[in-house]
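Everything below concerns the one structure shown next.
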Amino acid sequence: MNTVLEELARLCESLPEDKRNAVADFARFLAAEQDEARWEQLLDYPGRRPRLESFLHETAAEGETPLDHDRL
């Protein structure tokens, strides 16, 4: 384990449980924010996406039909 993780573990051990939970919640928030930033980067890709374009054309050609729960 690297020194930052060791320090974080020591600090968390010294905190009461509710504060440890708050630290864990904040870490989860940061991880989700990082994941969201990555998705934004992927979605903003300026290049062509032939497979996605093909999928969109195929689904548009199917027309609008109600969701059939029996086919799921």
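Before rounding to the nearest 500, sum -39500 (n - 2.57) across all DSSP H runs of length at least 4 in the chain and divide by the residue total; then give [θ] at 222 nm in deg cm²/dmol.
Values: 3 runs with 52 residues, N = 72.
Dividing the helical sum by the residues of the chain leaves -24500 deg cm²/dmol.
Between 0 and 90 degrees, the angle of helix 50-62 with respect to the longest Cα principal axis of the chain falls at about 60 degrees. Loop-located GluC sites (Glu not before Pro) in the chain (DSSP state not H, G, I, E or B) with no more than 14 neighbouring Cβ atoms inside 10 Å: E64.
No value in this document is a laboratory result; all are computed from the given coordinates. This structure is a prediction, so every number in the text was calculated from the model and none was measured. No Cβ is skipped: glycine too gets one built from the backbone with ideal geometry, and neighbour counts run over all protein chains shown.
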